[in-house]
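Accompanying notes for the structure given below.
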Amino acid sequence: MKIKKFEDLSIWRLALKITKIIYDLTSQSKFSKDFSLRDQIRRAVISVSSNIVEGFEKNNNNEFIRFLKISKGSVGEVRNQLLIALTVGYISQTQFDKTNQELEDLANQIGGFISYLEKCRSEGRFIRRKLKN
C-alpha cells in the first residue's frame, strides 16, 4: 500500500485509537478531577499523533525520523503518566494493562518505522523528498 497522506499510516491510526482510550479514562470521576494529571496525559497523547503528522508533512526523511522520535518519546510520557494514574488509584490494573499494552505496541511500531526509514536513508532511498519550489 502506498502512503499518500498521513491518514494512511497505521501508526497514526493506532495513535488516534489510543487518544480516544486516554480521553475515556481521564473522563472517569477520580481522574477527571485531577486537572493537572488529566491535562498533562491528554497533551502527551495528543503529541503522539501530532508529531507523526508534522513529521510526515515535512516531506523529508530526516525530519520525519526526527518527529517520529519525538512521538515515540511522548508514548513513553503517556505510559509513565498512566502508571501514575494506576499508582494513585485513578484506574484499575486491568485498564492499565490493556492501555499500556497498546502503548507498547505503538512504541514498537514507531521504532520499527524509524529503523525502516533510517535503512532507506542509508541506502540512498528516500520515502519522502523535500519538495522543490
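Any read-out appearing in this document is the output of simple, stated calculations on the displayed coordinates, not a laboratory observation. If you're wondering where the values come from, they're calculated on a predicted model, not measured in any experiment. Quick reminder, even Gly has a Cβ in these numbers, built from the backbone with ideal geometry, and neighbours come from all protein chains shown.
Determine, for Leu106, Leu9, Leu117, the number of other Cβ atoms within 10 Å of each Cβ, and report the residues in order from fewest to most.
By the 10 Å Cβ count, ascending: Leu9, Leu117, Leu106.
Most fluctuating residue of Ile52, Ile110, Ile84 in a GNM of the chain with Cα springs under 10 Å: which is it?
Ile84
For the chain, with a Gaussian network of springs between Cα atoms less than 10 Å apart, report the residue from Val78, Val48, Val88 with the top mean-square fluctuation.
Of Val78, Val48, Val88, the most mobile in the Gaussian network model is Val88.
With viscosity set to 1.306 mPa s at 10 °C, what whole-number translational diffusion coefficient in µm²/s follows for the range 5-45 from Stokes-Einstein and a Kirkwood radius over Cα pairs?
In µm²/s, the coefficient is 145.
Send over the semi-axes of the chain's equivalent ellipsoid, whole angstrom and largest first, taken as the square roots of 5 times the C-alpha gyration tensor eigenvalues. It would help to have the intermediate numbers written out before the result.
Working: eigenvalues 202, 36, 26 Å².
Equivalent-ellipsoid dimensions as semi-axes: 32, 14, 11 Å.
When a footprinting reagent is the concern and you count Cβ atoms within 10 Å, what order do Glu102, Glu123 take, fewest first?
Glu123, Glu102
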